[in-house]
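Trainee: If you scroll down you'll find the structure; I have some questions about it.
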């Protein structure tokens, strides 16, 4: 059973919060990993996750998802390249269609009914790719459900979570919405398809209507292609006092900032339409996804006052969010989220296991000369399907030394 674990509010003492979070999510005491490793092509191919276009963090995240799948014995899925639809390839960061249909991409059985209902009542134009949602382990859309699905079923717990993560924003959560926009294509808002991954609606400390709009990135770099600038965004930017330093700055509509810019404009338009009294814009990404956090930092420099402006912009790490879940009473679930999405010591440990297996096959000088004319046989690296291997990866001496 999950139990409520008291954590100090993040805003009061971030250091104490981080220490408490580490105790909950890092019982082995390894601490945060400084940076994700560059994984050799041979290891990525062995786990069927070699994608040449992957940047450093995405390659490590894909590798971690493959380890999670293997440790649970889930059947590998396939990826179909739109340029070669007749040549599907097995991909270690996907699960089979059959496993996906059973809800294997979600970390708790109570999340599946939330997903089913969200799909059944999806908003017109909502950007759901159902196959990707159910079978792609790397996608941020199932992460959104894994992170907020249990909270959608228990609004009291959702309120405790927000109190821990964002004190002073909501004193009561009344709704948890997925893939939400107040009106896609509606000229009262941004007149396009801009939406949020998750929206929490409720009451602010003064009793007003408030909402928290959330953008989540897992392996994405934060430099996604920019759509053509829309005149409605510029109109909102110019008529929202004290939001942007310079609403005419072209950087706002370029790849590094464009999604944040569109979503911030949508929040401003939502307030102007009278649907809420206050709004907070939150960005979540894993701490080692440095590129995504740099994109958020770049965007924040274009805001007049990111923390106390008309719509505060608050970038946070996934790890910090998991700790707030634990503090709200979902300790076991927070650990499961960390194990799946952010415990990159498992990747480090897998590389150590591979290195050890390779060293076992390297003969000494005497052995090399005596067997020079004999064929050699390499020991096969065991596939880490047993969850005990995950513990071995986490607690090995080399990791502690690091």
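Rundown of residues vs (1) part of a helix (DSSP H, G or I); (2) within 26 Å of residue 317 (Cβ to Cβ), yes/no style:
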| residue | (1), (2) |
| --- | --- |
| 90 | no, no |
| 114 | yes, yes |
| 118 | yes, yes |
| 126 | no, no |
| 146 | yes, yes |
| 150 | yes, yes |
| 161 | yes, yes |
| 167 | no, yes |
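Trainee: Identify the residue in segment 307-316 that is modelled with pLDDT of 95 or more and in contact with a strand residue (DSSP E or B) (Cβ under 7 Å, 6 or more places away or on another chain) and, among all such residues, is nearest to residue 267 (Cα to Cα). Don't jump to the end; show me each part of the working.
Mentor: Step one: list which residues in segment 307-316 are modelled with pLDDT of 95 or more, which gives 310-316.
When the remaining residues are screened for being in contact with a strand residue (DSSP E or B) (Cβ under 7 Å, 6 or more places away or on another chain), the result is 311-316.
On the way: 311: 8, 312: 10, 313: 11, 314: 14, 315: 16, 316: 18 Å.
Taking the candidates together, the pick is 311.
Trainee: For segment 34-64, enumerate the residues that are closer than 21 Å to residue 293 by Cα and in contact with a strand residue (DSSP E or B) (Cβ under 6 Å, 6 or more places away or on another chain).
Mentor: Listed by number, the list holds a single entry, 62.
Trainee: Determine which member of the set 226, 237, 268 is without any contact (Cβ under 8 Å) to a residue 40 or more places away in the chain, crowded, with 20+ Cβ neighbours inside 10 Å and either under 19 Å from the mean Cα position of the chain (by Cα) or not assigned by TED's automatic domain parsing to the domain that holds residue 54 (or both). Reasoning before the result, please.
Mentor: Numbers: 226 fails: crowded, with 20+ Cβ neighbours inside 10 Å; 268 fails: without any contact (Cβ under 8 Å) to a residue 40 or more places away in the chain.
Exactly one of 226, 237, 268 is without any contact (Cβ under 8 Å) to a residue 40 or more places away in the chain, crowded, with 20+ Cβ neighbours inside 10 Å and either under 19 Å from the mean Cα position of the chain (by Cα) or not assigned by TED's automatic domain parsing to the domain that holds residue 54 (or both), namely 237.
Trainee: For residue 285, are the conditions met, namely being within 16 Å of the chain's Cα centre (by Cα) and not assigned by TED's automatic domain parsing to the domain that holds residue 59? Explain how you work it out, then say what you get.
Mentor: Working: within 16 Å of the chain's Cα centre (by Cα): yes; not assigned by TED's automatic domain parsing to the domain that holds residue 59: yes.
Judged against the criteria, residue 285 is a match.
Trainee: Test each condition in (1) farther than 29 Å from residue 143 by Cβ; (2) surrounded by fewer than 17 Cβ atoms within 10 Å (Cβ to Cβ) for residue 255 and report the one that comes out false.
Mentor: It fails just one condition, (1).
Trainee: Filter segment 328-372 down to residues that are more than 15 Å from residue 66 (Cβ to Cβ), at pLDDT 90 or above and not in a loop (DSSP other than H, G, I, E, B), then give me how many there are.
Mentor: First, the residues of segment 328-372 that are more than 15 Å from residue 66 (Cβ to Cβ): 328-338, 342, 345, 352, 355-372.
With the extra rule that they be at pLDDT 90 or above, the set shrinks to 328-338, 342, 345.
So of that shortlist, the ones also not in a loop (DSSP other than H, G, I, E, B) come out as 331-338, 345.
So the answer is 9.
Trainee: Can you spot a residue in segment 67-84 that is touching a strand residue (DSSP E or B) at 6+ places or on another chain (Cβ under 9 Å), assigned to a loop (DSSP other than H, G, I, E, B) and surrounded by 15 or more Cβ atoms within 10 Å (Cβ to Cβ)?
Mentor: Within segment 67-84 (the criterion being touching a strand residue (DSSP E or B) at 6+ places or on another chain (Cβ under 9 Å), assigned to a loop (DSSP other than H, G, I, E, B) and surrounded by 15 or more Cβ atoms within 10 Å (Cβ to Cβ)), the answer is yes, since at least one residue qualifies.
Trainee: State the number of residues belonging to segment 297-323 that are outside any loop (DSSP other than H, G, I, E, B) and either over 30 Å from residue 339 (Cβ atoms) or not assigned by TED's automatic domain parsing to the domain that holds residue 258 (or both). Walk me through it before giving the result.
Mentor: Of segment 297-323, the ones outside any loop (DSSP other than H, G, I, E, B) are 297-300, 303, 313-323.
From what is left, the residues that are either over 30 Å from residue 339 (Cβ atoms) or not assigned by TED's automatic domain parsing to the domain that holds residue 258 (or both) are 298-300, 303.
Residues that pass the stated criteria total 4.
The values are calculated or read from the model by the stated rules, or taken from the named source; none is laboratory data. Everything numeric in this text was worked out from a predicted model, so none of it was measured. Every residue, glycine among them, receives a Cβ derived from its backbone with ideal geometry; neighbour counts consider all protein chains shown.
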